[in-house]
Every structure is written in C-alpha cells, then in structure tokens.
Amino acid sequence: MTRAAIALLLSWVACAPVAAHTRSLSYALWDLTEAGATVRVRIARLELTRLGLDPVSSPDDDRAVGEILSSVVRLRSGAEWCGVVEAPRRASASDGNVAYVWRVTCSQPGPRAVESRFLHDVAPSHLHFARVRTADGRAVERVLTEADPLWVLDSDRVDDAEKVGGTSVAGYVALGVEHILTGWDHLAFVFGLLLLAYTLRDIATLVTAFTVAHSITLALTVLGAVEPTAPVVEAFIGFSIALIGLENAWLLSGRGRVLPFAVVAATLALAFAGSRLPTLGVAGLALFTYCHFALLRRSARPERLRAAVAFAFGLIHGFGFAGIMLELDLDQVRLVPALFGFNIGVELGQLAVVACLWPLLAAVRRAPRAAAWVGDVGSAAVTAVGLFWFITRSFGG
C-alpha cells in the first residue's frame, strides 16, 4: 500500500501541467474575394497564456494578440503575402474564447495559399483548422500543423470550392490518430482497462466494447442527433478514469466493503459542493458506482462487468472525441467522409497503444512481485489523474 500511496501523490502532482493546457487548437475562417480576404480567427483564452497574454483584462495584450495573429496567420497571392488593410479587432466569441477579425488585400494575381504558424514556438503540437469560404458560399477546411503549415489552394479562383482542395479522408485518419495519441485522458482510461486484462480475449472484449460505444456517440454528436455539454462530458471522462483505477485497486486488495461506500459518498457530496455539474447527473454517477461494485462483489467473472463499464464510459468518451469535429462545423457533403476518416484514425491509434502496452504488461506478469507492484502503482496513478481531472473540471479548472 505504501508504493500505491506514493504513486498516488506523485501522479497528482505530475498531472497539474497536463490539466493546465489540454490539446492546443485554433480556428480561422477565410472569406475570399477577388481583391483579398476577410479572416476571423478564434482561440481559447487559456491558450494565450502560453504567450503570457490576456487580451480580456489588458488593452495592451489585446493589441499584441491581434498583431501576432495577423503576422503568422497569412494569405499569399502569387509570390507575395497579402497586406493587412484593416487592423485586427476583437469580435464576439463564446465563453472562454477570444476572436479577432481583419482584412487583407492582395496586390499580385496568382494561386493563393493560407498559412498558420501560430503558437508553433511554444506548442509544436498545435492544430490550426483553416476554412476557406468561396464566393459561392461553400467552404472547404484543412488542418494545418507545424509540419504542414501552408495550404496551397489548387486554384486562384475564389468562386469554386471544388478546386480549393481541403483535408482528405486520409488527412482525417491522421487527425484521429493524433487525437487519441495526444489525448491523455483517453489513454489513461485504456491503460486502466488493460492493467487487469490477463488474456487476449479479455483485451479484445474490452477494446471492442469501448470502440463500439464511442463510435456510436461520436457519430450521433457530429450528425447533430445529440448535443452534449462539453464541460460536463470532460468531467465525466475524468470520473470514468478514476473509477477504473479504484476498481482495479479494489479487486487487487480483496473486494472490501469500505471503498465502494466511500466512493459513492464522496460522489454524492460533490452534488452539494458547488460544482458546475448537474445534480441529477452526479446522483446518476453515484448510483452507477454503487450498482457496479455490488455486481462485482457477487461476480465470479468480473471481466464481463468490466466490459460493460468499458461500453458505458465509452459512450461518454465518444462525446469527448466529437469535440474537434463539432468545432469544424463541416458542410454535410464533407461531414460523412471526415467522420469516417477521423473514427478510423482513432481506432488505429487506440490499437497501436494496446499493441505496445499489452506485450509489456504480459512480460511483467511473469514475475509475481513485479506484477503486484505494477498493478498497485498503475492503479494508483490512474486513480490520481482521474480524480484530478474530475475535480478540476467539475469546478471549472
């Protein structure tokens, strides 16, 4: 238990920087005209703390952010960059975000290109979603990264979206792979599931249940059938991770009576502690937890119930996966191939993680003392990061 307690403490401290900045994203919409373009860039206010700037509270920072954006989010025509003719100004944005709008004019004809190098110096994994809207009202999007910051449009025409050339299905597959490989909360959940999966059949069952579930909610959300509340989803994802870690520790320690009641009581207490989670939702988590531990206590084959939990929480993780796709606000004609590619990428990334972890865990289990250490410490670490995310996200952290 000592090593588990130490792992719990160290993991809690270590996850602070992970929680401080999640996946780094920004969004731009380019309205092309014959003379140039109008661009609107949106970024989370938290992202700007990477640059030490807060445009909401400081007029100087406001001007600085506008100048930085207009210098690194650019349009090229022919061989020259288009000049800024209307300085960046703050525009309305949803809570937690800031937006800037400015206009550029191009003096040289020729094929156009959109570039973004925003935050690459401080966040190399930053993703910039650029949308180009042509004169006929249609829009095409592309994901720009540090490795691929320039989008060369296939034509200098501003009235034909089909010739602009956006992100392909393969590009969305790559985005899905990157999303899962940099999504620490989703990886922590998968790792927690694998800790007590002792056979390939167990792993196949768990991964299949998780995959089917998050594919369902990812598709339903992106297609507009359901509209989850993002902060609640993120908090519930943290809870799912913590519960898996606690369940592992409980099974390894002999299925005592104290832990399940403590978890249920602590969850119910959160409903009256001023969190931003809906009271009914928190009560539902508590009831789910109580029923799950009660069934586990009576079960001779807990792996079946763990598969059910993987499916239940996979539904919640699917809402989390949908976040990026929703932000893109894709046209219907591009939505289905983008959704297909993104989901395939998520699955490939997930399988790659499992393929790397499973042989390592199988090798460790050949040594009983090492297996016990990995089980205790791994469960404690998963519990720590899950609790950290759940609490901070519940109270707006």
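The table that follows gives values for the structure above.
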{"read-out": "Long-range neighbours under 6 Å by Cβ, at least six apart or interchain, first residue assigned by TED's automatic domain parsing to the domain that holds Leu357 and more than 23 Å from Phe390 (Cα to Cα) within the stretch 183-208, second at pLDDT 85 or above and assigned to a loop (DSSP other than H, G, I, E, B)", "value": "Ile203/Ala197"}
{"read-out": "Per-region count, the stretch 291-307, residues assigned to a helix (DSSP H, G or I) and closer than 16 Å to Arg201 by Cβ", "value": "6"}
{"read-out": "Candidates Val104, Val140 - the one that is buried (at least 16 other Cβ atoms within 10 Å of the Cβ), in contact with a Gly (Cβ under 6 Å, 6 or more places away or on another chain), of a type in the set (A, V, I, L, M) and at pLDDT below 95", "value": "Val140"}
{"read-out": "Close pairs (8 angstrom Cβ cut-off, 6 or more residues apart or separate chains): more than 15 Å from Val39 (Cβ to Cβ) in the stretch 118-135, of a type in the set (Lys, Arg) and surrounded by fewer than 18 Cβ atoms within 10 Å (Cβ to Cβ) anywhere", "value": "Leu119/Arg50; Val122/Arg50; Ala123/Arg50; Ser125/Arg23; Leu127/Arg23"}
{"read-out": "Some residue of the stretch 205-225 being over 14 Å from Leu315 (Cα atoms) and in a helix (DSSP H, G or I)", "value": "yes"}
{"read-out": "Some residue of the stretch 117-135 being of a type in the set (Lys, Arg) and within 28 Å of Pro59 (Cα to Cα)", "value": "yes"}
{"read-out": "Scope the stretch 61-79; condition part of a helix (DSSP H, G or I) and either more than 17 Å from Glu47 (Cα to Cα) or in contact with a Gly (Cβ under 8 Å, 6 or more places away or on another chain) (or both); matching residues", "value": "Ser71"}
{"read-out": "Hey, Glu327 charged (D, E, K, R), within 19 Å of the chain's Cα centre (by Cα), surrounded by fewer than 19 Cβ atoms within 10 Å (Cβ to Cβ) and at pLDDT below 90 or not", "value": "yes"}
{"read-out": "Selection status of Phe288, surrounded by fewer than 19 Cβ atoms within 10 Å (Cβ to Cβ), in a helix (DSSP H, G or I), among the aromatic types (Phe, Trp, Tyr) and assigned by TED's automatic domain parsing to the domain that holds Ala312", "value": "yes"}
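The values are calculated or read from the model by the stated rules, or taken from the named source; none is laboratory data. This is a predicted model, so every value here is computed, not measured. FYI the Cβ positions are ideal-geometry reconstructions off the backbone, even for glycines, and counts take in every protein chain you see.
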